[in-house]
Amino acid sequence: MITLRDVSKTYHRKKISTEALKKINLQIEKGDIFGVIGYSGAGKSTLVRLVNYLERPTSGEITVDGKHLAELNPHNLREIKKEIGMIFQQFNLLESKTIFQNVAMPLILAKTNKQVIQERVTELLAFVGLADKAASYPSELSGGQKQRVGIARALASKPKILLCDEATSALDPQTTQSILDLLKKVNEEYGITILLITHEMAVIQQICNKVAVMEEGNIIEKGSVVSVFGKPKHPTTKGFVQTVVKNELPFSIKTKLKKNQQQKLYRLDMIGDHTMESIFYYLFHTFQLQVTVVFTNMTEIQDSVLAVWYIQVEGEERNKQQAWSFLVENQVNVEEITI
Amino acid sequence: MFDTSITFGQFIQAIIDTLYMVGMSLLVGTIIGLILGILIVVTRPSGVVEMKWIYGILNPIINIVRSVPFIILLVAIIPFTRGIVGTSIGTTAAIVPLIIFISPFIARLVENSLLEVNPGIIEAAEAMGATPFQVIWYFVLPEAFGSLILSLTTATISLIGATAMAGTVGGGGVGDLAIVYGYQRFDTFAMVSTVIILITFVQVIQSIGNALARLIRRN
Ligand SMILES: Nc1ncnc2c1ncn2[C@@H]1O[C@H](COP(=O)(O)OP(=O)(O)OP(=O)(O)O)[C@@H](O)[C@H]1O
Ligand SMILES: [Mg+2]
C-alpha cells in the first residue's frame, strides 16, 4: 500500500541543514495498522508528511497504492491526497465552522452534491458517536470529541489510508483508549490501512500489528509487534519495550536474592499461547526438578502473550540440561542470570 | 456657548460628507487591501503559493506608501487625482488620496489577521487535497473573519481621522468643520460639537466592530 525506498529528507534553514530522514526503507501492507515510534526529533512527523506529500523527499522513491508520487502532476497529487486521510495531535478543526461543516469539508472541496453530503456526514458522525453534536462548534467539545470529529473528517472522502500524527498525545489515558478503539474499528470495518506515529509504546501495543522504531532519522528496528516486543535488539527499542513489558527483575527481589546467593537464577522467555502450566508439569514430572518461581510477568500483545519467568531449580545437573533442551524445542528461551 | 456661525444645515452636510468619504474609501480600500493582503500572505516564502517576486515587489510598495504622511500624500498626488476624477478639489476628489492611504494599511491589517490563523488548519486543508484557492476561501478567510472585522474597524477609525485633513483639498466633512470654524475662527461651539460628533462616530463604529467580531467568534 505504501512503499518508501531509500527515502532521505534534508531541511535547509538559515544555512543549517538537518538530515531528518536517512535512507529510509519501509513497506506497509494493505490492512496494516503500522506504528512508528521514536523520541522527539527522530523524524516521525517528517516520515508521515512525506506519505501525503505535504513534504517532498530530498531523494528516494515513495509509492502509494501503486502510484509513484514524484511522477504525479499537482492535480493528480491532490486527487491521491483524497485517498489519504490525516488526523493531527492538535486536531486542526475549523473553529469558525460547526462540527457538521467540519466533517463535510473534504466533500465540499470535491463539489459533492448537498444531499450526498448530508447523508455521508450524518453517517460518519454516527460512526464516531457524535450524532448529537452536528450543530456544535469545536470550542464546545472535549479533546477526545474533537479527535473523533477529526477522524470523521478524515474518513469523509472514503480514503484507503489514514495517517495519524500523535493523534492521542494530547489526550488523557482513558480518552486515548477510546480513540484507539475507534481507530481499530476504522481499520476493521472500512479496511483502511493506518500509519500511526507515537512516542508511547502502549499505543503500539494496543492497536498495531507492525512497528518501526526510529532514531535520528534512521529506522533502527522493524517487524511484527509481537516479535519486536518479544525480542527487542536495539537498546532504544529495549527502552521502549520496557515501558510496557515489565520483564526485568524488580529491585526489591534483586536485593533479597543477593543476600543468599547460593542458587542459580534462570530467566525463561516465551511468546505465544502455549500454557506455562504444562511446561512446569514436564519440568516436575519428566525431569524431576524442583522449581521455585521468583518473579513472573505476562503482557498481552495483539492476540498473543509475552511471558517471563525467573526461576530457581533444584535437581540433577543432567536432568537440568535435558530440561533446557526440551524448553528450547518448545520455543522457550532459557538464560542463566547473574544478579 | 451657542454663539456660533455654523448652521444646522452645515452640520448635516458635514456629517453626510464624512460618511460619504469614509464609506467610499473604505469600500474601495477594503477590496484593494484584501487583495493585496491575501497576495502577500500566499506569495511570501513558505506561503501557500510561494512566489518570491510578487512578494518582493508588493511588500516594499506597501511600506513606502504607508510611510508617507497623509497630508503629504494628499498634496503629492493632486495630478493623479485630477486625472482620475477630473478635479483635485471637493469631496469626491478627497476620496482618491483616502483610498491610496487606507489600502496599504488595510493590506497590512489583513496580512496580520491571516497570519494569525493556526498553521495546522492550512496543513489539514493541504492534506485534504485543497487547491490554493480553496485553502484561502474555505479555510483561511473563514477562520480569520472575526479578526478581519476588527481590522476593518481599526481602518475605519483611521479613515475618520484622515477625512479631517481632507478638508485641505476642500473635502468638507465634520473634521473640516472643526478645523475651519473651531480651530481657525475660535468658534468654541463648533469645536466642541464636532469633536463630540467624531467621538460618537468612533465609539459607535468600535462597538459595532467588537459586537460583530464577538458574534462571529461565538465566545
Ligand atoms: N520544516 C522544518 N524545517 C527545518 N527543520 C525541520 C522541519 N521540520 C522538522 N525539522 C527537523 O527535522 C528533525 C525531525 O523532525 P520531526 O518533526 O520529523 O520529528 P518527530 O520525530 O516528529 O518529533 P516529535 O516527536 O517532537 O514530533 C528535527 O531535527 C527537526 O528539527
Ligand atoms: Mg512530530
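The values are calculated or read from the model by the stated rules, or taken from the named source; none is laboratory data. This is a predicted model, so every value here is computed, not measured. FYI the Cβ positions are ideal-geometry reconstructions off the backbone, even for glycines, and counts take in every protein chain you see. Note: accessible area is taken over every heavy atom of the protein model, side chains too, but ligands, DNA and RNA are not part of it. Shrake-Rupley method; radii C 1.70, N 1.55, O 1.52, S 1.80 Å.
For A:Thr198, state whether it is of a type in the set (S, T, N, Q), out of contact with any strand residue (DSSP E or B) (no Cβ under 7 Å at 6 or more places or on another chain) and modelled with pLDDT of 90 or more. So A:Thr198 fails the test.
Taken over segment A:134-183, the criterion of being of a type in the set (Asp, Glu) and either under 19 Å from A:Val36 (Cβ atoms) or under 20 Å from the mean Cα position of the chain (by Cα) (or both) is satisfied by A:Asp165, A:Glu166, A:Asp172, A:Asp181. Against the list (1) open to solvent by less than 50 Å² (accessible area, probe 1.4 Å); (2) of a type outside the set (Val, Ile, Thr); (3) within 13 Å of ligand 2 (Cβ to nearest atom); (4) closer than 17 Å to A:Leu162 by Cα, the condition A:Lys82 fails is (3). Pairs linking a residue in segment A:230-245 that is closer than 19 Å to A:Glu300 by Cβ to a residue that is assigned to a loop (DSSP other than H, G, I, E, B) and at pLDDT below 90, with Cβ atoms under 6 Å and 6 or more positions apart or on different chains, are A:Val241/A:Pro232. Residues in segment A:53-73 that are free of Cβ contacts under 8 Å to residues at least 12 places away in the same chain and either open to solvent by less than 10 Å² (accessible area, probe 1.4 Å) or within 16 Å of ligand 2 (Cβ to nearest atom) (or both): A:Leu54 alone. Within segment A:256-272, residues that are under 20 Å from A:Leu289 (Cα atoms) have Cβ atoms under 9 Å from residues that are of a type in the set (Gly, Ala, Ser) in these pairs: A:Leu268/A:Ala307; A:Asp269/A:Gly230; A:Asp269/A:Ala307; A:Met270/A:Gly230; A:Met270/A:Ala307, counting only partners at least 6 apart in sequence or on another chain. If you filter segment A:65-87 down to residues that are within 16 Å of A:Leu124 (Cβ to Cβ) and more than 7 Å from chain B (Cβ to nearest Cβ), you find that the one that is farthest from the chain's Cα centre (by Cα) is A:Gly85.
Looking at the structure I just gave you, is B:Gly33 open to solvent by less than 50 Å² (accessible area, probe 1.4 Å), of a type outside the set (D, E, K, R) and not in a helix (DSSP H, G or I)? The answer is no for B:Gly33.
Of the numbered criteria (1) more than 19 Å from A:Thr193 (Cβ to Cβ); (2) within 16 Å of ligand 2 (Cβ to nearest atom); (3) more than 14 Å from every other protein chain (Cβ to nearest Cβ), the one A:Gln90 fails is (3).
Filtered by the rule that a residue be open to solvent by 40 Å² or more (accessible area, probe 1.4 Å) and closer than 20 Å to B:Pro119 by Cβ, segment A:91-111 gives A:Glu95, A:Lys97. Residue check: B:Leu39 meets all listed conditions (1) assigned to a helix (DSSP H, G or I); (2) touching an Asp or Glu at 6+ places or on another chain (Cβ under 7 Å) but one, namely (2). State whether one or more residues within segment B:170-181 are surrounded by fewer than 15 Cβ atoms within 10 Å (Cβ to Cβ) and under 19 Å from B:Phe8 (Cα atoms). No: zero hits. The requirement of being out of contact with any Ser or Thr (no Cβ under 7 Å at 6 or more places or on another chain) and closer than 23 Å to A:Gln118 by Cα is satisfied by A:Lys185. Checked against the criteria, A:Gly85 counts as under 23 Å from B:Asn118 (Cβ atoms), more than 11 Å from ligand 1 (Cβ to nearest atom) and among the small types (Gly, Ala, Ser). Those residues that are open to solvent by 50 Å² or more (accessible area, probe 1.4 Å), in a helix (DSSP H, G or I) and within 14 Å of another protein chain (Cβ to nearest Cβ), I need them from segment B:195-219; list them, please. Once the filter is applied, which keeps residues that are open to solvent by 50 Å² or more (accessible area, probe 1.4 Å), in a helix (DSSP H, G or I) and within 14 Å of another protein chain (Cβ to nearest Cβ), segment B:195-219 yields B:Leu212, B:Arg214, B:Leu215, B:Arg217. Scanning segment A:130-149 for any residue that is in contact with a Pro (Cβ under 9 Å, 6 or more places away or on another chain), more than 16 Å from ligand 2 (Cβ to nearest atom), within 13 Å of chain B (Cβ to nearest Cβ) and not in a loop (DSSP other than H, G, I, E, B) turns up at least one such residue. Residues in segment A:13-33 include at least one that is over 23 Å from B:Phe139 (Cβ atoms) and within 14 Å of another protein chain (Cβ to nearest Cβ). Condition first: surrounded by fewer than 19 Cβ atoms within 10 Å (Cβ to Cβ), away from ligand 2 (no atom under 16 Å from the Cβ), without any contact (Cβ under 8 Å) to a residue 40 or more places away in the chain and in the same structural domain as A:Ile161 (by TED's automatic domain parsing). Can you find one or more residues in segment A:30-52 that meet it? No: zero hits.
If we scan segment A:8-15, do we find a residue that is charged (D, E, K, R), open to solvent by 60 Å² or more (accessible area, probe 1.4 Å) and either touching a residue at least 24 places away in the same chain (Cβ under 8 Å) or in contact with a Cys (Cβ under 8 Å, 6 or more places away or on another chain) (or both)? Within segment A:8-15, not a single residue is charged (D, E, K, R), open to solvent by 60 Å² or more (accessible area, probe 1.4 Å) and either touching a residue at least 24 places away in the same chain (Cβ under 8 Å) or in contact with a Cys (Cβ under 8 Å, 6 or more places away or on another chain) (or both). Scan segment B:55-78 for residues that are open to solvent by less than 60 Å² (accessible area, probe 1.4 Å) and touching a Lys or Arg at 6+ places or on another chain (Cβ under 9 Å) and jot them down. Of everything in segment B:55-78, those that are open to solvent by less than 60 Å² (accessible area, probe 1.4 Å) and touching a Lys or Arg at 6+ places or on another chain (Cβ under 9 Å) turn out to be B:Tyr55, B:Asn59, B:Ile62. All told, A:Thr112 meets the bar of being out of contact with any Phe, Trp or Tyr (no Cβ under 9 Å at 6 or more places or on another chain), within 14 Å of chain B (Cβ to nearest Cβ) and among the hydroxyl-bearing types (Ser, Thr, Tyr).
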